[in-house]
1. Which count do you get for residues in segment 357-387 that are buried (at least 17 other Cβ atoms within 10 Å of the Cβ), out of contact with any Cys (no Cβ under 9 Å at 6 or more places or on another chain) and not small (G, A, S)?
2. For segment 152-167, enumerate the residues that are closer than 20 Å to I140 by Cβ, of a type outside the set (F, W, Y), surrounded by 15 or more Cβ atoms within 10 Å (Cβ to Cβ) and within 16 Å of the ligand (Cβ to nearest atom).
3. Scan V310, V210 and give me the residue that is at pLDDT 95 or above and either more than 26 Å from T185 (Cα to Cα) or polar (S, T, N, Q) (or both).
4. Filter segment 325-341 down to the residues that are under 23 Å from the mean Cα position of the chain (by Cα), of a type outside the set (V, I, T) and either at positive phi or within 16 Å of the ligand (Cβ to nearest atom) (or both) and list them by number.
5. Do we find that P240 is of a type outside the set (S, T, N, Q), open to solvent by less than 30 Å² (accessible area, probe 1.4 Å) and over 25 Å from A421 (Cβ atoms) in this structure?
6. Tell me, yes or no, whether segment 122-133 has at least one residue that is without any contact (Cβ under 8 Å) to a residue 40 or more places away in the chain, over 20 Å from L187 (Cα atoms) and of a type outside the set (K, R).
7. Among (1) in contact with a Lys or Arg (Cβ under 8 Å, 6 or more places away or on another chain); (2) closer than 28 Å to D261 by Cβ; (3) open to solvent by less than 10 Å² (accessible area, probe 1.4 Å), which single condition is A181 missing?
8. Determine whether segment 28-36 contains at least one residue that is of a type in the set (V, I, T), closer than 24 Å to G410 by Cα, in the same structural domain as S110 (by TED's automatic domain parsing) and under 18 Å from the mean Cα position of the chain (by Cα).
Amino acid sequence: MARADKQWAVRPSPALAGMTTVPGDKSLSHRAVLFGALAGGTSTVRGWLAAGDTEASLATIQALGVRVKRHDLNTLTIHGGALQPPGASLNLVNAGTGIRLLAGIMVGQSFASVLDGSEQLRRRPMKRIIEPLGRMGAKIASNDGRAPLSIEPAPLHGIHYDMPMASAQVKSAVLLAGLFAEGETVLTQPGPARDHTERMLTAMGANLSVDGMTSTIRRGASLRPFDMTVPGDASSAAFPIVAAAVIPGSDITLTGVNLNDTRTGIIDVLREMGADFVVTETGLEAGEPVGTVRVRYAPLRAIDVGGEVVVRMIDEFPVFMIAALCAEGTTTVRDAQELRVKETDRIAVMAAELRKFGAQITETDDGFSITGPQQLHGATVDSHDDHRIAMSCAVAGLIASGETSVLDAGCAADSFPGFAAIMSALGAPIVESAGGAHAH
Ligand code: S3P
């Protein structure tokens with residue numbers, strides 16, 4: 001895809017200070033439009049994330065005949081009900097969550113559909129959903145396990161599925177298909193992947209029960225519409241949080257952050273490394289605990305990260321590398337092989353970009369090790385069209401000497417529109433400018 005892109009000029013940062021909010025949660029914003037489309041009535045969403053990935057999901061439900069009224073950028077009403085056959089293939093652009101969750105819905109429809117996306121999305125593994133959905137009776141043709149996915153209508157039946165990896169997208173695709181399957185669909189996950197789908201479908205009245213790592217769903221219940229306010233995205237909050245944790249003298253407060261504990265592994269790990277946090281829960285939004293996160297700079301110690309916490313911070317490892325570079329001693333990460341099949345291979349791509357800053361990183365199959373502290377020098381780096389790589393490189397630039405240029409930075413708006421402005425308001429010297437067209 002070609003787009004007029006942005007670039008960032010980043011300089012060494014003074015202490016960060018102030019209070020701010022981050023945009024709405026991406027996972028919840030995808031689910032709001034996809035599940036709202038299935039509800040029998042009108043749902044209202046406030047604080048919806050208007051970002052590249054979620055706009056793709058929104059456009060998709062509109063292509064399926066769902067009427068959506070947009071009151072402003074972040075407020076939607078969704079007139080859910082029966083979906084209509086789309087006139088063309090459905091384009092999820094870069095959104096892995098969008099395509100995998102939508103596949104779980106489309107296999108339950110009485111019409112055929114084709115799900116597709118950008119070159120980047122076409123590289124990502126889809127066998128992980130094709131396999132369990134196929135066992136349920138779904139007919140999905142693919143390009144050797146990748147998009148485009150061509151779905152033909154077929155009757156579905158429930159299965160007992162032991163998920164081989166802790167993935168909320170796979171779990172959600174199977175549970176959504178379970179809404180249309182005969183009998184009972186029982187799914188067991190190997191670890192606590194984010195549970196937004198279970199929380200939302202339960203609130204909407206689905207026949208869904210959760211017992212430890214096992215979820216069971218039955219069809220039949222009509223889904224109730226909802227009225228929700230999307231809390232701030234904990235994964236977006238991770239960028240200012242890590243920046244404040246590594247820039248001496250910083251003291252920042254983020255309000256309205258989603259504190260669902262399937263999403264807050266980064267806070268737990270940084271706290272164990274010595275970061276100074278005050279986390280205060282203030283209430284519930286959209287069935288999720290929400291609150292305030294204050295983080296103050298403190299010297300960090302190295303840590304070993306592995307096991308259950310990995311999936312609770314899976315999207316935060318690119319920016320976590322910056323914390324590891326600042327910590328005293330050797331930080332090792334294992335059990336994080338899923339990083340290799342995200343928007344990019346986030347282990348290889350981050351290691352390559354950070355080496356341009358002079359960093360030394362040892363890659364392993366399922367993680368990395370970094371010995372700190374290391375002094376970085378400014379560099380010209382590239383996002384590889386991966387939003388979290390762009391923003392992680394900007395945070396690296398804040399602690400590097402000299403000037404850093406992050407090229408192809410417009411992709412940050414896939415999840416965190418306004419990143420440069422929000423960081424600047426906290427005192428981070430990140431200046432955004434037009435970067436010229438860039439081909440993908
Ligand atoms: C997501 C699940 C995670 C995460 C992604 C969003 C979701 O992916 O990395 O950013 O909203 O369900 P996996 O399910 O592949 O782990």
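The values are calculated or read from the model by the stated rules, or taken from the named source; none is laboratory data. These numbers were taken from a predicted model, which means no experiment stands behind them. Positions of Cβ are generated from backbone atoms using ideal geometry, with glycine treated the same way; all protein chains shown enter the neighbour counts. Heads up: the accessible areas ignore ligands, DNA and RNA and are worked out on the full protein's heavy atoms, side chains in. Shrake-Rupley method; radii C 1.70, N 1.55, O 1.52, S 1.80 Å.
1. 5
2. M163, M165, S167
3. V310
4. Across segment 325-341, the qualifying residues are D335, A336, Q337, E338, L339, R340.
5. no
6. Looking for residues that are without any contact (Cβ under 8 Å) to a residue 40 or more places away in the chain, over 20 Å from L187 (Cα atoms) and of a type outside the set (K, R), one finds none in segment 122-133, hence no.
7. (2)
8. The answer is yes; a qualifying residue exists.
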